[in-house]
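K.L.:
First, the structure itself, so that you have it in front of you.
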Amino acid sequence: MVRLIVSGAVVLLALAGAAVAQAPKPGGVANAVIQPEPPGLMLGLLQNGPTQMVAGNIYEGLLRYSETLEPKPGLAESWTVGPDGKTYTFSLVKNATWHDGKPFTAADVLFSVEFLKQTHPRARGNMAKVTSVAAPDPHTVVFTLSEPFGPFLGVFEVGSLPMIPKHVYEGTDYKTNPANNTPIGTGPFMFKEWKKGSFIRLVKNPNYHVAGRPYLDEIYWHVIPDAASRAVAFETGKVDILPGGSVENFDVPRLSQMKGACVTGKGWEFFGPHSWLWLNNRQGPTANKAFRQAVSYAIDRDFARDVIWNGLGKPAIGPVSSSTRFFNAKLGQYSYDPAKAKALLKQSGYKGETLRLLPVPYGETWQRWAEAVKQNLEDVGIKTEIVATDVAGWNQKTSEWDYDIAFTYLYQYGDPALGVARNYISSQIAKGSPFNNVEGYSNPAVDKGFAEAAVAVSPAERQALYDGVVKTVIEDAPVAWLLELQFPTITRCKVKDLVTTGIGVNDGFRDAWIER
Amino acid sequence: MALFLARRLGKGILVLLAIVVLNFFLIRLAPGDPALVMAGEAGAGDELYVAQLREKFGLDQPLPLQLGLYLRSILSLDLGYSVRQQMPVGRLILDRLPATLLLTGTAFLISLTLGVALGALAARRAGRLADTAITALALLFYATPLFWVSLMAIIVFSVRLDWLPAFGFETVGGGYTGLARAADIARHLVLPSLTLGLFFMAVYVRMTRASMLEVAGLDFVKTARAKGLREGTVQRRHVLRNALLPVVTLAGLQAGTLVGGAILTETVFAWPGIGRLMYEALLQRDYNLLLGVFVVSSAMVLLFNLVTDVIYRVVDPRIEAAS
């Protein structure tokens, strides 16, 4: 009996604790790190990571996405898809206003699509099959497509299709509009102040269209250029939020073990950062399929994850990330097998040429990874030399195809048609961009498969088509897949509900609150 | 004197123009360009996007035309426009200049006064304990890399002891005004200016000590002593003053780096100054901004060279007589 009472009391206490912990308190200031300092905050013109991380609070898209990439309401409160998969109707929230007080309407959506088609390369691609965008009334928008496009419901996130105020930009030169320095969106926070080199300050939008949100009064984004100093900033309590990638990986275990520190790898499901080695399919030993397969077998992915990435991430088994739709775990092929690599190497006729290995110039972790891969390759008899570059040099060399083996990682944006196909289809072979088919892989069957899968209507049909393509691509080994990367977000545990969607910190601090 | 100044200024302007032309070509030798960097950061980019950016940056024009346009704007005292930052270069630099001058100026004063004072003390006590201690300390600071000293200072004084802020120019969101703000900035200034100043302090100590010992053995110092002057006066008025020339030369060099010479310190301490602006512009291949910083810092070097030469004449009148 006594035990019963005690356990009952424990349950009650636990329930009470949960109830207290789950009642968000309004107020408070969030201090976060932003690295590097963004060039600007106009999300329609700039699509780099730091810009989206800050501006994801200022701007909004029509939809948001859960951790499993299910669409959730954003500026659209509901949506329907026509039975032919060619019409998408969105009902907009009725009480949303821009930060300058003007109402947000369907006209803004129409304008945003036109705006982004001119300035946003990804939106340009996503909207390629759209034949018309219409506004039958001020709170309804209808997209009509020329043919079905499977991933279409996945392209309305704030970074992919941010809503731009028509009354501010219409008839102006977008790129020189003075409003770019004082961005105006519909989001939960408003731009207040930017002291270049020091901090960006956002304040609560009191007229936000979701009642009671946001909870926070202010957000300070601190600009701290040195990685060690960013770690110190968290240790000394100057900042409470370190978004993914803001400290070197070897500092992550130390910081996350601090008292009162919480860490999460969530919030990157939509992006699915996927890393691999580009193997130059055009020339040298890497033009040979057996050689490329040998590279894939030579690499110890578990070592890289455990030692270089401190246990974060997963081995990448093929072109599709496990957080992206239509991933199939059964299709993997390459494990760490140096003996097999050596056999394949012999078969490829490799004569011991030295290959140029180009690391990603994003800090220590990548440099060390390049050294580990060099070691792996040397163990099976492939000679490499590491080429040192900075970011500009890396972009130049990869987009001009001036490399033999190059590290990279790309986002997948939730669907193979958006973030995977671009690296493998031959229409994406073009100099001048480091984000297309840089390795120069060309297989008509793969081109055809990706094209059919993109426009197939039923998910089952798409799954079957993607399985076929992925199998071929894995066999051809145009690149050597490395890891599905994880960029842990480290926070003080008192910061609650920071990451609530598959877009994570990049989706704004709408639901975040601070326990006091 | 006026003729001397006019001649030197004229030469200085020519040198500045030569520097501008040289730098213009030099930074274009680095691989990549600002358009590719921005496309790279976007994580996506088609040819149209990169072409649009190149046009915005004016990179679609032939190189000689780009140089001509740049020289024309420099000659009309306009440093151009940073497309990346969407702001005139002049304003970007002016925004950052006060922070840098405060940091480097403070470091300059600390290193010069402490360096000369300790150097003079060491020379006077040559061979004794004080001399050994000062020389050893100077050697230590001279040999230790700046970034390591910075990081150690942060770990000891900010993380462990929590005496001083680890980084930044002032308390963000502190809302201080007037004297309270000045005190806040001063607290933030301590660590970066000390670590930046230590290296030059060490140089001044060694230079002053060596130079004073050399002068101390000369005949006129014996004469001064023979006149019956007190030792302090001999050291101050006869030895130190004659030993200062090499120190002035060095101080002139350090003063020349006041604008652009604190990249490491500014980075480690997140100090919002010119050095960081320049370093980031370099990584981003922001040509106009980078050239702008180069122009301003070369102008400063030339200016301080001139000032140094004038000071020579004040410290040692023989120089004017000779020229």
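K.L.:
Quick check: anything in region B:52-64 acidic (Asp, Glu), assigned to a helix (DSSP H, G or I) and either under 30 Å from A:Leu410 (Cα atoms) or modelled with pLDDT of 85 or more (or both)?
P.N.:
Scanning region B:52-64 turns up at least one residue that is acidic (Asp, Glu), assigned to a helix (DSSP H, G or I) and either under 30 Å from A:Leu410 (Cα atoms) or modelled with pLDDT of 85 or more (or both).
K.L.:
What helices (runs of 4 or more DSSP H) lie completely within region B:135-248 and have 2 or more residues being within 12 Å of another protein chain (Cβ to nearest Cβ)?
P.N.:
Details: elements: B:146-153, B:178-216, B:219-226.
So the answer is B:146-153, B:178-216.
K.L.:
Inspect region A:84-107 for any residue being under 30 Å from B:Gly40 (Cβ atoms) and under 25 Å from the mean Cα position of the chain (by Cα) and give the result as yes or no.
P.N.:
The answer is no, given that none of the residues of region A:84-107 is under 30 Å from B:Gly40 (Cβ atoms) and under 25 Å from the mean Cα position of the chain (by Cα).
K.L.:
Could you look through region A:381-420, keep only residues that are part of a helix (DSSP H, G or I) and hydrophobic (A, V, I, L, M, F, W, C), and pick out the one that is nearest to the other protein chains (Cβ to nearest Cβ)?
P.N.:
Selected residue: A:Ala392.
K.L.:
Going residue by residue through region A:196-215, is there one that turns out to be touching a Gly at 6+ places or on another chain (Cβ under 7 Å), crowded, with 24+ Cβ neighbours inside 10 Å and either at pLDDT 95 or above or among the hydroxyl-bearing types (Ser, Thr, Tyr) (or both)?
P.N.:
Looking through region A:196-215, none of the residues is touching a Gly at 6+ places or on another chain (Cβ under 7 Å), crowded, with 24+ Cβ neighbours inside 10 Å and either at pLDDT 95 or above or among the hydroxyl-bearing types (Ser, Thr, Tyr) (or both).
K.L.:
Output the residues belonging to region A:421-465 that are of a type in the set (Lys, Arg) and either surrounded by fewer than 18 Cβ atoms within 10 Å (Cβ to Cβ) or within 12 Å of chain B (Cβ to nearest Cβ) (or both). Explain how you work it out, then say what you get.
P.N.:
Of the residues in region A:421-465, the ones of a type in the set (Lys, Arg) are A:422, A:431, A:448, A:462.
Answer for region A:421-465, where residues must be of a type in the set (Lys, Arg) and either surrounded by fewer than 18 Cβ atoms within 10 Å (Cβ to Cβ) or within 12 Å of chain B (Cβ to nearest Cβ) (or both): A:Arg422, A:Lys431, A:Lys448.
Yes or no, residue by residue, for (1) at the interface with chain A (Cβ under 10 Å from one of its Cβ atoms); (2) charged (D, E, K, R); (3) more than 30 Å from B:Ala262 (Cβ to Cβ); (4) surrounded by 22 or more Cβ atoms within 10 Å (Cβ to Cβ):
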position: B:Arg28; (1), (2), (3), (4): no, yes, no, no
position: B:Leu36; (1), (2), (3), (4): yes, no, no, yes
position: B:Gly58; (1), (2), (3), (4): no, no, yes, no
position: B:Leu75; (1), (2), (3), (4): no, no, no, no
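K.L.:
Could you check, for region B:20-35, whether at least one of its residues is part of a helix (DSSP H, G or I) and closer than 23 Å to A:Tyr411 by Cα?
P.N.:
Within region B:20-35 (the criterion being part of a helix (DSSP H, G or I) and closer than 23 Å to A:Tyr411 by Cα), the answer is yes, since at least one residue qualifies.
K.L.:
Can I ask one more? Collect the residues in region A:217-232 that are farther than 16 Å from B:Thr265 by Cα and either crowded, with 22+ Cβ neighbours inside 10 Å or at the interface with chain B (Cβ under 10 Å from one of its Cβ atoms) (or both), keeping them in residue-number order.
P.N.:
A:Glu218, A:Ile219, A:Tyr220, A:Trp221, A:His222, A:Ala231
K.L.:
Is there a residue being out of contact with any helix residue (DSSP H, G or I) (no Cβ under 9 Å at 6 or more places or on another chain), under 30 Å from A:Ala290 (Cβ atoms) and either within 14 Å of chain B (Cβ to nearest Cβ) or surrounded by 24 or more Cβ atoms within 10 Å (Cβ to Cβ) (or both) anywhere in region A:488-511?
P.N.:
no
K.L.:
Quick test for you: out of A:Gln367, A:Gln375, pick the one residue that is in a helix (DSSP H, G or I), surrounded by 15 or more Cβ atoms within 10 Å (Cβ to Cβ) and not charged (D, E, K, R).
P.N.:
Sole residue among the options that is in a helix (DSSP H, G or I), surrounded by 15 or more Cβ atoms within 10 Å (Cβ to Cβ) and not charged (D, E, K, R): A:Gln367.
K.L.:
Tally up the residues in region A:167-195 that are out of contact with any helix residue (DSSP H, G or I) (no Cβ under 9 Å at 6 or more places or on another chain) and buried (at least 20 other Cβ atoms within 10 Å of the Cβ), please.
P.N.:
3
K.L.:
Now, a different point. Which ones in region A:35-80 are of a type in the set (Val, Ile, Thr) and either surrounded by 22 or more Cβ atoms within 10 Å (Cβ to Cβ) or within 26 Å of A:Gln118 (Cβ to Cβ) (or both)?
P.N.:
Once the filter is applied, which keeps residues that are of a type in the set (Val, Ile, Thr) and either surrounded by 22 or more Cβ atoms within 10 Å (Cβ to Cβ) or within 26 Å of A:Gln118 (Cβ to Cβ) (or both), region A:35-80 yields A:Thr51, A:Val54, A:Ile58.
K.L.:
Turning to a different aspect of this structure: Test of understanding: among B:Arg84, B:Arg96, which residue is within 30 Å of B:Glu55 (Cβ to Cβ), within 14 Å of chain A (Cβ to nearest Cβ), in contact with a helix residue (DSSP H, G or I) (Cβ under 8 Å, 6 or more places away or on another chain) and in a helix (DSSP H, G or I)?
P.N.:
Step by step, each of B:Arg84, B:Arg96 is checked, and only B:Arg96 is within 30 Å of B:Glu55 (Cβ to Cβ), within 14 Å of chain A (Cβ to nearest Cβ), in contact with a helix residue (DSSP H, G or I) (Cβ under 8 Å, 6 or more places away or on another chain) and in a helix (DSSP H, G or I).
K.L.:
Right, next: In this structure, does B:Gly292 turn out to be within 14 Å of chain A (Cβ to nearest Cβ), on the phi < 0 side of the Ramachandran plot, at pLDDT 85 or above and in contact with a helix residue (DSSP H, G or I) (Cβ under 7 Å, 6 or more places away or on another chain)?
P.N.:
No; evaluated as a whole, the condition is false for this residue.
K.L.:
Here's another thing I want to ask about it. Could you list, in sequence order, all residues of region A:360-404 that are without any contact (Cβ under 8 Å) to a residue 24 or more places away in the chain and polar (S, T, N, Q)?
P.N.:
If the condition is that a residue be without any contact (Cβ under 8 Å) to a residue 24 or more places away in the chain and polar (S, T, N, Q), then A:Gln367, A:Gln375, A:Gln396 are the ones that fit.
K.L.:
Go through region A:246-264 and give me each residue that's within 13 Å of chain B (Cβ to nearest Cβ) and either in contact with a Phe, Trp or Tyr (Cβ under 7 Å, 6 or more places away or on another chain) or aromatic (Phe, Trp, Tyr) (or both).
P.N.:
A:Leu255
K.L.:
Inspect all residues belonging to region A:25-37 and state whether any of them is at pLDDT below 95, aliphatic (A, V, I, L, M), within 30 Å of A:Gly237 (Cα to Cα) and part of a helix (DSSP H, G or I).
P.N.:
Scanning region A:25-37, I find no residue that is at pLDDT below 95, aliphatic (A, V, I, L, M), within 30 Å of A:Gly237 (Cα to Cα) and part of a helix (DSSP H, G or I), so the answer is no.
K.L.:
Any idea which of (1) on the phi > 0 side of the Ramachandran plot; (2) within 14 Å of chain B (Cβ to nearest Cβ) is the one A:Gly267 doesn't satisfy?
P.N.:
In the conditions (1) on the phi > 0 side of the Ramachandran plot; (2) within 14 Å of chain B (Cβ to nearest Cβ), A:Gly267 misses (2) alone.
K.L.:
For A:Asp100, are the conditions met, namely being over 27 Å from A:Ser458 (Cα atoms) and not in a helix (DSSP H, G or I)?
P.N.:
yes
K.L.:
Okay, next question. Just the residues that are free of Cβ contacts under 8 Å to residues at least 60 places away in the same chain, of a type outside the set (D, E, K, R) and out of contact with any helix residue (DSSP H, G or I) (no Cβ under 6 Å at 6 or more places or on another chain), please, taken from region B:175-187. Can you show your working first?
P.N.:
Quick first cut of region B:175-187, residues free of Cβ contacts under 8 Å to residues at least 60 places away in the same chain only: B:175-184, B:186-187.
Cutting the leftovers down to of a type outside the set (D, E, K, R) gives us B:175-180, B:182-183, B:186.
Within region B:175-187, B:Gly175, B:Thr177, B:Gly178, B:Leu179, B:Ala180, B:Ala182, B:Ala183, B:Ala186 meet the criteria.
K.L.:
Could you list all residues from region A:233-243 that are out of contact with any Gly (no Cβ under 9 Å at 6 or more places or on another chain) and either more than 7 Å from chain B (Cβ to nearest Cβ) or modelled with pLDDT of 95 or more (or both)?
P.N.:
A:Phe234, A:Gly237, A:Val239, A:Asp240, A:Ile241, A:Leu242
Listed here are the residues, each with its yes/no results for (1) at pLDDT 95 or above; (2) within 25 Å of A:Lys397 (Cα to Cα); (3) part of a helix (DSSP H, G or I).
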| position | (1), (2), (3) |
| --- | --- |
| A:Gly432 | no, yes, no |
| A:Asn436 | no, yes, no |
| A:Gly440 | no, yes, no |
| A:Ala454 | no, no, yes |
| A:Val457 | no, no, no |
| A:Glu461 | no, no, yes |
| A:Asp467 | yes, no, yes |
| A:Val470 | yes, no, yes |
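K.L.:
Would it be correct to say that B:Leu101 is within 30 Å of A:Thr182 (Cβ to Cβ), under 19 Å from the mean Cα position of the chain (by Cα) and surrounded by 17 or more Cβ atoms within 10 Å (Cβ to Cβ)?
P.N.:
no
K.L.:
Okay, moving on. Quick one: which of A:Val495, A:Val499 is hydrophobic (A, V, I, L, M, F, W, C) and over 17 Å from the mean Cα position of the chain (by Cα)? If you could, list the steps in order and put the result at the bottom.
P.N.:
Values: A:Val499 fails: over 17 Å from the mean Cα position of the chain (by Cα).
Of the residues listed, the single one that is hydrophobic (A, V, I, L, M, F, W, C) and over 17 Å from the mean Cα position of the chain (by Cα) is A:Val495.
K.L.:
While we're on this one: Under 8 Å between Cβ atoms, at least 6 apart or on separate chains: pull out the pairs that start in region A:47-75 with a residue that is without any contact (Cβ under 8 Å) to a residue 40 or more places away in the chain and within 17 Å of A:Phe104 (Cα to Cα) and end on any residue that is surrounded by 23 or more Cβ atoms within 10 Å (Cβ to Cβ) and of a type in the set (Val, Ile, Thr).
P.N.:
none
The values are calculated or read from the model by the stated rules, or taken from the named source; none is laboratory data. As the structure is a prediction and not an experimental result, all values here were calculated from the model. Please note: Cβ atoms are built from the backbone with ideal geometry, for glycine as well, and neighbour counts cover all protein chains shown.
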